[in-house]
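Working notes, beginning with the structure itself.
Taken together, the values in this text are just the output of simple stated rules run on the coordinates, not laboratory data. On a predicted model such as this, the values are computed, not experimentally measured, just so you know. Every residue, glycine among them, receives a Cβ derived from its backbone with ideal geometry; neighbour counts consider all protein chains shown.
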Amino acid sequence: MKEKIVNGINDYYIEDLDLSELQHFFIENGEKRDYNRKDYFIRQLDKKEIIGFVSEGIFRHTRIDREGSEHIVGYSPQNHFVGDYTACLCHRESLINIQAVKKCTIYLIHYSKLEKFYNSHPAYQRLGKLIAEQLFVMSYRRLIDTYCCTPEERYSNFIKLYPELKELIPLKEIASFIGVTPETVSHIRRKSKKS
């Protein structure tokens with residue numbers, strides 16, 4: 001795995017991990033499932049310890065707050081994994097909804113099966129550790145960005161992270177993900193077109 005320095009912070013990128021063995025494990029051992037647009041993989045407060053490999057499509061991660069407002073907290077695009085990792089890890093109810101943005105195909109396994117895979121070989125244990133570290137770094141980076149980056153920087157980071165989503169999802173979802181109003185995103189887009 002390559003280490004990169006971004007804004008003076010050591011940052012690790014999941015793309016640098018070779019996940020081919022894990023993807024193969026999901027395809028060989030998982031249950032293939034299709035989801036139509038707006039179908040749920042998991043709902044907030046469900047207790048389902050499941051993880052999927054997204055072979056086609058994209059999922060959005062949302063959280064409904066106490067007032068009933070929906071907040072976009074993440075995405076799982078094609079060739080990535082989908083699930084509420086903290087719910088699986090802690091054996092608790094899901095903190096989020098995970099919903100198909102468009103038609104999706106995944107290979108689904110129960111988290112206990114993934115744990116057995118990780119424990120079957122030291123190299124897989126190391127892979128599981130690196131993935132957990134990656135998830136922590138990504139979450140921490142997102143937290144720092146929320147407090148320290150301008151809306152323009154957060155929008156730019158979003159586009160770099162999810163380039164395929166720019167035209168696929170509504171403006172209000174991008175705004176929710178980066179913590180601004182849809183009008184701010186429109187302004188940022190207009191400004192970037194002039195540059």
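Summary table below
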{"quantity": "Electrostatic dipole magnitude of the chain [Cβ: Lys, Arg +1; Asp, Glu -1; Cα centre; debye, to 20]", "calculated": "520"}
{"quantity": "Sequence-distant lysines (8 or more away, or on other chains) whose Cα lies within less than 30 Å of Lys32", "calculated": "Lys47, Lys48, Lys102, Lys103, Lys113, Lys116, Lys129, Lys160, Lys166"}
{"quantity": "Computed Rg/Rh of the stretch 94-174, alpha carbon atoms with Kirkwood Rh", "calculated": "1.05"}
{"quantity": "Spatially proximal aspartates and glutamates relative to Lys38 (Cα-Cα < 15 Å; intrachain offsets below 8 disregarded)", "calculated": "Glu56, Glu70, Glu173"}
{"quantity": "Percent breakdown of C-alpha pair distances by 10 Å bin, ordered from the shortest bin, for the stretch 78-140", "calculated": "17, 48, 32, 3"}
{"quantity": "Span-rule helices in the chain, defined as complete DSSP H runs reaching 27 Å or more along the axis (Cα) with Kyte mean at least -0.5", "calculated": "122-148"}
{"quantity": "Normalised convex hull volume, the chain, alpha-carbon set, Å³ per residue", "calculated": "130"}
